[in-house]
1. When both residues are 6+ apart or on different chains and their Cβ atoms are under 6 Å apart, which pairs have a first residue that lies in the range 195-222 and is farther than 14 Å from Gln285 by Cα, and a second that is surrounded by 15 or more Cβ atoms within 10 Å (Cβ to Cβ) and charged (D, E, K, R)?
2. Mind counting the residues in the range 270-288 that are within 15 Å of Asn209 (Cβ to Cβ) and free of Cβ contacts under 8 Å to residues at least 40 places away in the same chain?
3. Looking only at the range 43-54, count how many residues are more than 17 Å from the chain's Cα centre (by Cα) and either open to solvent by 20 Å² or more (accessible area, probe 1.4 Å) or over 19 Å from Met276 (Cβ atoms) (or both).
4. Go through the range 269-280 and count every residue that is more than 16 Å from Lys72 (Cα to Cα) and either modelled with pLDDT under 95 or surrounded by 24 or more Cβ atoms within 10 Å (Cβ to Cβ) (or both).
5. Output yes when any residue across the range 143-151 is within 16 Å of Phe40 (Cα to Cα), at pLDDT 95 or above and of a type in the set (A, V, I, L, M), and no when none is.
6. Pairs, please: C-beta under 9 Å, at least 6 apart or cross-chain, first residue at positive phi and touching a residue at least 40 places away in the same chain (Cβ under 8 Å) and in the range 107-123, second open to solvent by 40 Å² or more (accessible area, probe 1.4 Å) and part of a strand (DSSP E or B)?
7. So Ala227 passes all but one of these: (1) surrounded by fewer than 24 Cβ atoms within 10 Å (Cβ to Cβ); (2) not in a loop (DSSP other than H, G, I, E, B). Which condition number does it fail?
8. Enumerate the pairs (first residue in the range 129-157 and open to solvent by 10 Å² or more (accessible area, probe 1.4 Å); second residue anywhere and modelled with pLDDT under 95 and not polar (S, T, N, Q)) with beta-carbon separation below 8 Å, excluding pairs fewer than 6 apart on the same chain, so at least 6 apart or on different chains.
Amino acid sequence: MPGVRFHPRHVAAAAALALCGLQAMPAGAATSILFIGNSFTYGALASVQNWGTNTVTDLNGTNIGGVPALFKAFTVQSGLDYNVSLETEPGSNLDFHYNNRLSLIDKPWDKVVMHGQSNLDFQAPNNPTKIATYTGILGNVFQARNPNVDISLTATWSRADLTFSNATSPWFGKPITQMGIDVQAGYEFAAAQNPTIVSRVNPVGLAWNRAITTGLADANPYDGIDAGKINLWASDNYHASNYGYYLHALVDFGMITGIDPRSLGGTEYAALQLGMTASEAVALQGVAWDTIQAVPEPSTWLMLALGGGVLGLVARRRRQREPVAA
């Protein structure tokens, strides 16, 4: 990825920070960042939900750590000064946060990271229209407060339950990687509809795909977990395990800061405290980096999406914009 910066791994400093419980960086010109999302952000069904809660600000007062706390840990270990806040609601899309939590989030943030429902829209699966619309609405709010705010969208992962057990799902019977591809395409569509607002799409779902196709992670939790592989999903085969949320946070971290997540190394203390081995942490860091390096340019995504939902929507939008022949 252009502009990636490599930072040395200060093992002694990180160990000291781990012992003192992730102490905040000194006050000063800290970068403020807000995470907006749902259970995929706050770490539902995994212990990461309640990890690092004292290191971040939960604007709802629900004492959640989740992916934002992991992100905070990575910044501390990389020598960065970030004030991390989160505003989450289970099952919510971006319209919920605008309509119900605007008073909490309408502030001059330096960076904002957000995502919507796991299938893009519960009422219209694989349709990114609502996310695209409210990306623009929320983006205008944040830019009014800070014209230089950096806004990114996070594309989430394939749900095993929608692939293997739900016959009404548009992804039922398809490869496990397909939903991740389609969700990425949906967020790229939302970014393309808001080119002056969205800086990037964080390819978390593509990182899950890579972990599966490279053999690090199991592809189908319904038939058991293969020996030597990790399970990215939680017990409902919908949400993430600690491994899945860790990979989520690594991708966000690498995309937002420009730092190679492999610089965190095997002594990265969030992974160790959450029960991962050093080799597992290093492997997930490598997957995150390889995904960041390999993600195609946004202009190619609509061609790569094999699902008809996003392609059909884009085709209709293009026809609506074409001038009518005299």
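The values are calculated or read from the model by the stated rules, or taken from the named source; none is laboratory data. Being a predicted model, the structure only gives us computed values, none of them experimental. Reconstructed Cβ throughout: ideal geometry from the backbone, glycine too, with neighbour counts over all protein chains shown. Side chains are part of the model used for accessible areas, which takes the heavy atoms of the whole protein and leaves out ligands, DNA and RNA. Shrake-Rupley method; radii C 1.70, N 1.55, O 1.52, S 1.80 Å.
1. So the pair list comes out as Ser199/Asp150; Val201/Glu188; Asn202/Asp252.
2. Total meeting the criteria: 1.
3. Within the range 43-54, residues that are more than 17 Å from the chain's Cα centre (by Cα) and either open to solvent by 20 Å² or more (accessible area, probe 1.4 Å) or over 19 Å from Met276 (Cβ atoms) (or both) number 5.
4. Of the residues in that region, 0 qualify.
5. No, the conditions are met nowhere in the range 143-151.
6. none
7. (2)
8. Thr129/Leu313
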